[in-house]
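J.: Dropping a structure here in structure tokens format, bear with me for questions.
The values are calculated or read from the model by the stated rules, or taken from the named source; none is laboratory data. Please read all numbers here as calculations on a predicted model, not as lab measurements. Here the Cβ positions follow ideal geometry from the backbone for every residue, glycine too, while neighbour counts run over all protein chains shown. Just the protein is used for accessible areas: all its heavy atoms, side chains included, with ligands, DNA and RNA removed. Shrake-Rupley method; radii C 1.70, N 1.55, O 1.52, S 1.80 Å.
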Amino acid sequence: MPETVPEIASTPGAQCDVEWTLLQAACSANASLESSSQQKNRLRGLLENRLNWESLPQLAERHGVGPLLYKAVSSLGSDAPAGPSLLQQHYQTNLHRTLFLARELIRILDHFDSLAIDVLPYKGVALAEMLYGDIAMRQAGDIDLLIRPQDLTRIRHALAELGYKPHEQFSEAEERAYLRSGYECAFDSNLGRNLLEVQWALQPRFYAVDFEMESLFRRAVTVCVASRNMKTPSLEDLFLILSLHAAKHVWGRLIWLCDISQIQKLPALKWDWIGETAHSLGIARILQVTLLLTKIVLGAPIPAPAEKLLRPDQAAVALANEIAPKLGNRSPHDVESFSYFHLMMRLRERKADRVRFLKRLAFTPGPGEWKSIRLPAPLFPMYRLVRLARLAGRVAKL
């Protein structure tokens, strides 16, 4: 007999700020089953409220949905109030930034191609083109590239030729350790700070999601951005990657749910592969919570194959109902708190994964430990003790 699953909450909870509700309505236009006229009537009703037109663009920018908000409000034509002129200004600024990032991405890829370095652009303009068919419909941030870990040294030298420098400088011993325990390296240039990030894993090692990167490269597909073909992860891989990224940040930005809603409504998505891979990696609950939050916040229906293969259990429903009311809060989640790490454990359905998470969290030193005390290379393994001491210090302060 199938398990009875509790009903999910129908509203985001106590956070009823009208600006937040307007963002939800604008983003729901791409995700829900409401008709175009229903969506516009809902937007008109919300726009009749007294809105803070100075804070609204800032809230939209924090959630990464400024272009989607502008598109939704401007679709009302003459019915739109005078306030959206500010939204248009932000949209134009984002458009210029997007075009700049597209040009810079192409410059980097051309240089890598000349050196036979294989990378996968994801998020940013590649994701915008793939999911929305318009690079201007996703808020510009930086350039993200997935790489093979063994290519990091070559990539660092290649980027230096283009004027990029690593944001963090590591010794040889630190870099070897960071390749095993970390997952990304940020680069600065005279064009901007942290303008480029390269990632050789999807998350830091202590999250205990051992995703096989070489297979991700084999499954890559081609997308055309600004008349330039480039490889990017397949839609199925993107669904996993974006769900893991959103969970790592407790689904704190609305754009992450918008991206998921765009992917999950595609008819050719291979849900069998997604379900099998999620269960093998022990991240089925993360995907379940992501699907539930997309339904709660955006009204996006969960596809029948996904509901069958990733049927949410009671723990997933409870987590979704706990997290949803907090998504409109203006303060970011404290990712260094013990409550955060406890939540990350609750998101894993297998006891073995929770144990691996705890062990790796306790015994995996990183930049924080390396900066706290300088040890010579022969004593580098002692950083595990430094890690334990720092964690013990945090516990003592509770």
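J.: Just one of the numbered conditions (1) closer than 30 Å to Ser55 by Cβ; (2) in contact (Cβ under 8 Å) with a residue 40 or more places away in the chain is not true of Gln314; which one?
T.: (1)
J.: Checking Glu34 against (1) modelled with pLDDT of 75 or more; (2) farther than 22 Å from Asn321 by Cβ; (3) surrounded by 13 or more Cβ atoms within 10 Å (Cβ to Cβ), only one condition comes out false. Which one?
T.: The failed condition is (1).
J.: Taking the range 364-398 on its own, how many of its residues are surrounded by 14 or more Cβ atoms within 10 Å (Cβ to Cβ), among the aliphatic types (A, V, I, L, M) and closer than 18 Å to Phe341 by Cα?
T.: Residues flagged as surrounded by 14 or more Cβ atoms within 10 Å (Cβ to Cβ), among the aliphatic types (A, V, I, L, M) and closer than 18 Å to Phe341 by Cα within the range 364-398 amount to 2.
J.: Which numbered condition in (1) in contact (Cβ under 8 Å) with a residue 24 or more places away in the chain; (2) out of contact with any Phe, Trp or Tyr (no Cβ under 6 Å at 6 or more places or on another chain) is the only one that Ile373 fails?
T.: All conditions pass for Ile373, except number (1).
J.: For Asp118, are the conditions met, namely being at pLDDT 95 or above, of a type in the set (Asp, Glu), under 21 Å from Leu216 (Cβ atoms) and in contact with a strand residue (DSSP E or B) (Cβ under 9 Å, 6 or more places away or on another chain)?
T.: Here the answer is yes, as Asp118 does meet what is asked.
J.: For Arg42, which of the numbered conditions (1) modelled with pLDDT of 90 or more; (2) open to solvent by 20 Å² or more (accessible area, probe 1.4 Å); (3) not aromatic (Phe, Trp, Tyr) fails to hold?
T.: Against the list (1) modelled with pLDDT of 90 or more; (2) open to solvent by 20 Å² or more (accessible area, probe 1.4 Å); (3) not aromatic (Phe, Trp, Tyr), Arg42 comes up short only on (1).
J.: So Gln169 clears everything in (1) under 24 Å from the mean Cα position of the chain (by Cα); (2) under 20 Å from Tyr383 (Cβ atoms) except one condition, right? Which one?
T.: Checking Gln169 against (1) under 24 Å from the mean Cα position of the chain (by Cα); (2) under 20 Å from Tyr383 (Cβ atoms), the one that fails is (1).
J.: Of the numbered conditions (1) crowded, with 19+ Cβ neighbours inside 10 Å; (2) within 19 Å of the chain's Cα centre (by Cα), Pro204 fails exactly one; give the number of that condition.
T.: Only one criterion in (1) crowded, with 19+ Cβ neighbours inside 10 Å; (2) within 19 Å of the chain's Cα centre (by Cα) is unmet by Pro204, namely (1).
J.: Got a number for residues in the range 298-316 being assigned to a helix (DSSP H, G or I) and open to solvent by 10 Å² or more (accessible area, probe 1.4 Å)?
T.: Residues in the range 298-316 being assigned to a helix (DSSP H, G or I) and open to solvent by 10 Å² or more (accessible area, probe 1.4 Å): 7 in total.
J.: Pick from the range 328-344 the residues that are open to solvent by 10 Å² or more (accessible area, probe 1.4 Å), in a loop (DSSP other than H, G, I, E, B) and in contact (Cβ under 8 Å) with a residue 12 or more places away in the chain: which of them is farthest from Thr21 (Cα to Cα)?
T.: Val335
J.: Considering only residues of the range 124-155 that are within 16 Å of the chain's Cα centre (by Cα) and without any contact (Cβ under 8 Å) to a residue 40 or more places away in the chain, which is least open to solvent (accessible area, probe 1.4 Å)?
T.: Taking the candidates together, the pick is Ala128.
J.: For Ala177, indicate whether it is over 27 Å from Val65 (Cβ atoms), in contact with a Phe, Trp or Tyr (Cβ under 9 Å, 6 or more places away or on another chain), in a helix (DSSP H, G or I) and at pLDDT 95 or above.
T.: Considered against the rule, which asks whether it is over 27 Å from Val65 (Cβ atoms), in contact with a Phe, Trp or Tyr (Cβ under 9 Å, 6 or more places away or on another chain), in a helix (DSSP H, G or I) and at pLDDT 95 or above, Ala177 comes out as no.
J.: Please go through the range 250-271 and give me each residue that is among the small types (Gly, Ala, Ser), open to solvent by 10 Å² or more (accessible area, probe 1.4 Å) and touching a residue at least 60 places away in the same chain (Cβ under 8 Å), ordered by number.
T.: Matches in the range 250-271: Gly252 only.
J.: If only one of Leu361, Leu293, Leu347, Leu319 is open to solvent by less than 70 Å² (accessible area, probe 1.4 Å), more than 20 Å from the chain's Cα centre (by Cα) and hydrophobic (A, V, I, L, M, F, W, C), which one is it?
T.: Unique residue meeting the criteria: Leu361.
J.: For the range 163-192: of the residues being buried (at least 17 other Cβ atoms within 10 Å of the Cβ) and among the charged types (D, E, K, R), which is nearest to Leu120 (Cα to Cα)?
T.: This residue is Glu184.
J.: Quick check on the range 225-235. Is at least one of its residues more than 9 Å from the chain's Cα centre (by Cα), among the β-branched types (Val, Ile, Thr), open to solvent by 10 Å² or more (accessible area, probe 1.4 Å) and more than 17 Å from Ile302 (Cβ to Cβ)?
T.: For the range 225-235, residues more than 9 Å from the chain's Cα centre (by Cα), among the β-branched types (Val, Ile, Thr), open to solvent by 10 Å² or more (accessible area, probe 1.4 Å) and more than 17 Å from Ile302 (Cβ to Cβ): absent.
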